[in-house]
Structure formats: structure tokens, C-alpha cells
Amino acid sequence: MKILGLETSCDETSVAVLDGEGRILSNIVSSQMEMHARYGGVVPEIASRHHLENLPAVLDESLLSARAALEEIDLVCVTAGPGLIGALLVGLSAGKAIAFARGIPLETVSHLEGHLYSPFLSAAGDPPRPIIHPFHGLVVSGGHAELVRVEEERIVPLGHAGDDAPGEVFDKVARRAGLGYPGGPIVDRLARRGNARRFPFKVGRFNDGSLNFTFSGLKSQLVRELEARGIEGETSEEDVSGELADLMAGFQRSIVDQLVDRLEGVRRREPMERVALSGGVAANSELRETLSRWGKEREIQIFLPDRALTGDNAAMIAFAGLQRFRREGARAFFAANARSRWPLGS
Ligand code: KG4
Ligand code: ZN
């Protein structure tokens, strides 16, 4: 069996081929990051146009590198949301066309479900690690923060971003500090040089004791600190002052601590044996280290995604679609539409 995955929900055009066991045969990701960098964020109209231009070539390259022909594909899996509608429609229409022309099934996949299962995949093309239910999933990206319990038959939401998503906050703060886009990887590098204890930002929390995330207070606090110190304008990473590195280290520590705090909150409420971390922010080195340590101390198994699979990619979409296909079989897809909102477990 061969599975084709398509992902166009945001600023990455990606096509992947997996085999029936979930081994990645190819996973081509064409990033438009540079097109959007000058605007400091993703411009939806530009994203759709580039998906439309790039998808055919990315598809060809993916098939070529998997040594597969379109005629050999047995199942198409495509992201149908959440994301930018115009961008999603490019992949979804292509997926429908391929499935219809070939007379094969199509699975519409939640982008977040794609991230959720990505820690089990092997970027090196090895068979995926076995998925043992139940496990807890923490998906942290540029648009989302979702904390869920994944059971055999359903996904139970436990917490979500109450305001800004963590990746979004990394991006906004980095932009305000004149550091560039996307902010996550830049802050990650700077924080290693900084002293997180110099600026101990409080861990954000809602008063009602919920497990929801809140990062907008932290963002405002950072902006105030930057303004008070007159930090603005473009700064190259090499020229960053010790003070700014310390600020970024404190800021990152506060985000990591909040994410771990919510997992600790779940652990106090229910049994927890396995945690799978995913999404663009799962590339963060401090988060990976802190969570690994936290898990070790509590005998909780931590599944971290290969760094190459933390960002948006079609392999994770094909993999999540394959799980659903195995569970539920083929579904009618002609009426399937793109969804800008689609929380996990809904
Ligand atoms: O999952 P993703 O590629 O796209 C969305 O679905 O949003 O996540 C992108 C986000 C960006 O906000 C980016 O700044 C963040 O992931 N990111 C990081 C790191 N690498 C990427 N955040 C923190 N540390 C990183 N090393
Ligand atoms: Zn994503």
C-alpha cells in the first residue's frame, strides 16, 4: 500500500509518500517563509498563490524521490483544516482531483491531528513507533496550543490556548525586538546565551484553575521591557546585547514552564503514562530538555518528534489519515470542505 499526503494549510507546500506500515518514503516541504518574512507574518493571499504555483512541482518531486508513480497510490490524505481557507483549498482540490481521477479513497485530515501523531513517525524512514493508547498530546505551534488525552476511539480536549498561541508569541516578541521572522528558532538560539534568572517572568495562568494556556500577558510584559530599554529596530543575532539575550532567556523559560505546568495539572487529575509533544514549537531545545527531564523524574514516557517533523509537513498528514482510514474506512469526500477552525476532539 502507498499513501499520498498533501499539506497546504499555511506557508508550507508539502507532499509525502508513506508505505502501508507508516514508513516515510518521501516528504518534500517547500517553504514560503522568505516570501512572508518581509511582512513579519504569513499573508494569506500570497500563501494561496504560491501553493497553486508550487504544488505540481512538489508533487512530482515527492513521487520521484519515493520512486512511486501516481498510479501506485492507494489512498490520498489531505489537510482540510484548521488553517487559511484559500491555502487549504489548493491542497484539498488537488487531493479530490487525484482521488477522483484514480478512483481511490481520500481522507480529509485535521492539521492538528497530523501534528499529534508526528512524534511516532521516523524522519529517517524507519517504521513508526507503536502508538499505545491512552496517551496525552501537547500540540504547540504558531496558531495553536492544545492539550488532549488520546484514547483508542476518541480525543478528549483538556486545555487550549485562551489567547495567543505560543509560536505566535515567539514570533511577535522577536519581531518587536527587531530580530526577524520566524521568531522561535532565533529566540531558541539567543536564550542559550542568556541568563533566564535575570528576568524571572511569572508563569501565566487563568484564575479559574483551568488547564487553558495564556501567553498574551507575557507578550505585553516583554513589549514593555523592550520599550523601557529602547530595544527596537533591526538587530543581527551576533550583535545582540547580553541584556536582550537575558530577556529572551527569561521569556522562553516562562513559556516552557507554563507548558510543563499544565501537564503537571493533568497528571494530578488523572493517570498519565505517555506524553507526545508536537508542533513547530516542539523544536524548541529548552522545551525538549525540560519535558524529558520532567518525564524521567515521574516515570512518564516522553515522545518527542524528530526535529525535521516538528514543522508543517505532509508525512504527518498521511500518517494521521492512515490511522483514521484503518479505523473508519473510506468516507464520501466530494462534499468535504476546508475549515478554518477545527479544534482537536471536535
Ligand atoms: O507547526 P508550525 O510549523 O506551523 C503552524 O501550524 O503554526 O509552527 C510554526 C511556529 C512558529 O511560530 C515558529 O516560530 C515556531 O513554530 N518555532 C519555534 C521553534 N521553531 C519553530 N518556537 C520555539 N522554538 C523553536 N526552536
Ligand atoms: Zn502546524
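Quick one: putting +1 on the C-beta of Lys and Arg, -1 on the C-beta of Asp and Glu, what dipole do you get for the chain around its Cα centre, in Debye to the nearest 20?
Charge dipole of the chain: 780 debye, to the nearest 20.
Compute a Gaussian network model of the chain, connecting alpha carbons closer than 10 Å, and tell me which residue from I317, I131, I73 fluctuates the most.
Between I317, I131, I73, it is I131 that shows the largest mean-square fluctuation.
What's the magnitude of the charge dipole for region 250-344 around its Cα centre, counting Lys and Arg as +1 and Asp and Glu as -1 at the beta-carbon? Answer in Debye, nearest 20.
Magnitude of the dipole: close to 360 debye.
In whole Hz, what ³J(HN,Hα) sequence does region 142-155 give by Karplus (6.51, -1.76, 1.60; θ = phi - 60°), x for Gly and Pro?
My calculation for region 142-155 gives x, x, 9, 9, 9, 10, 9, 9, 9, 9, 3, 9, 7, 10 Hz in order.
At q = 0.09, 0.13, 0.14, 0.15 Å⁻¹, work out log10 I(q)/I(0) for region 210-346 with the Debye formula, treating every Cα as an identical point scatterer and leaving solvent out; two decimals please.
Log-scaled intensity ratios, in q order: -0.43, -0.83, -0.92, -1.01.
If amide hydrogens are placed 1.01 Å from N in the peptide plane, which non-local residues have theirs closer than 5 Å to the one on F199?
Hits under the 5 Å cutoff: G250.
Have a look at R298, R192, R253 and tell me which one the Gaussian network model of the chain (Cα, springs below 10 Å) gives the largest fluctuation.
Its mean-square fluctuation being the largest, the pick is R298.
So how much slack lies between E297 and S285, counting 0.36 nm per residue of separation and subtracting their Cα-Cα distance, in nm?
Extending this stretch completely gives an extra 2.5 nm.
Using Cβ contacts closer than 10 Å as the measure, can you line up K296, K2 from fewest to most?
K296, K2
Which distance in nm do the two modelled labels at E53 and F100 give, with both placed 7 Å along the Cα-to-Cβ direction?
Roughly 2.7 nm, to one decimal.
Would you pull out the residues with amide H under 5 Å of F303's amide H, same chain only if 5 or more places away, H placed 1.01 Å from N?
Here the answer is V275, A276, L277, since their amide H atoms fall under 5 Å of that of F303.
Among E328, E297, E238, which one moves the most in a GNM of the chain with springs linking Cα atoms closer than 10 Å?
For the chain, modelled as a Gaussian network with Cα springs under 10 Å, the answer is E238.
Let me check against my output: what whole-number percent is the relative contact order of the chain, with C-alpha pairs under 8 Å and at least 6 apart?
Reported relative contact order: 25 percent.
Would you mind checking the tilt of helix 85-102 against the longest principal axis of the Cα atoms of the chain, expressed as 0 to 90 degrees and rounded to 10?
Tilt relative to the chain: about 20 degrees.
When K219, K96 are ordered from fewest to most other Cβ atoms inside 10 Å of their Cβ, what list results?
K96, K219
Expected output is a single nm value to one decimal: the length gained when fully extending between S31 and M1, i.e. 0.36 nm times separation in residues minus the C-alpha distance. What is it?
Length gained, S31 through M1: 8.0 nm.
Quick check on the chain: helices-only [θ] at 222 nm, where DSSP H runs of length 4 and up contribute -39,500 (n - 2.57) each and the sum goes over total residues. Nearest 500, please.
The helix-only estimate for the chain comes to -13500 deg cm²/dmol at 222 nm.
Within region 1-42, find all residues whose amide N lies under 13 Å from a label point positioned 7 Å from the Cα of R67 along Cα-to-beta-carbon.
25-26
Which far-off residues, 5 or more places away or on another chain, put their amide H under 5 Å from the one on A145, with H placed in the peptide plane?
Those qualifying (amide H under 5 Å, at least 5 residues apart or on another chain) are A161.
How far, in nm, would the chain grow between D306 and E237 when pulled straight, counting 0.36 nm per residue and subtracting the alpha carbon separation?
22.3 nm
Could you tell me what a quarter of the Cα convex hull surface of region 113-244 works out to, in nm² with one decimal place?
Mean orientational projected area (region 113-244, Cα hull): 10.4 nm².
Based on the Cβ-Cβ distance of D74 and V156, what FRET efficiency does E = 1/(1 + (r/R0)^6) give at R0 = 30 Å, to the nearest 0.05?
After rounding to 0.05, the efficiency reads 0.45.
Determine, for T290, T13, the number of other Cβ atoms within 10 Å of each Cβ, and report the residues in order from fewest to most.
Lowest count first: T290, T13.
Please label the shape of region 1-139 as rounded, prolate or oblate, based on the square roots a ≥ b ≥ c of the eigenvalues of the alpha-carbon gyration tensor (a/c under 1.5 means rounded; beyond that, a/b larger than b/c means prolate, else oblate).
oblate
State the three equivalent ellipsoid semi-axes of the chain, derived from the C-alpha gyration tensor as the square roots of 5 times its eigenvalues, in descending order and whole Å.
Equivalent ellipsoid of the chain: 34, 24, 17 Å, largest first.
All of the numbers you see were taken from the coordinates with simple rules; none came from a lab. Note that the structure is a prediction, hence the values are computed from the model and not measured. Cβ coordinates were reconstructed from backbone atoms using ideal geometry, including for glycine residues, and neighbour counts include every protein chain displayed.
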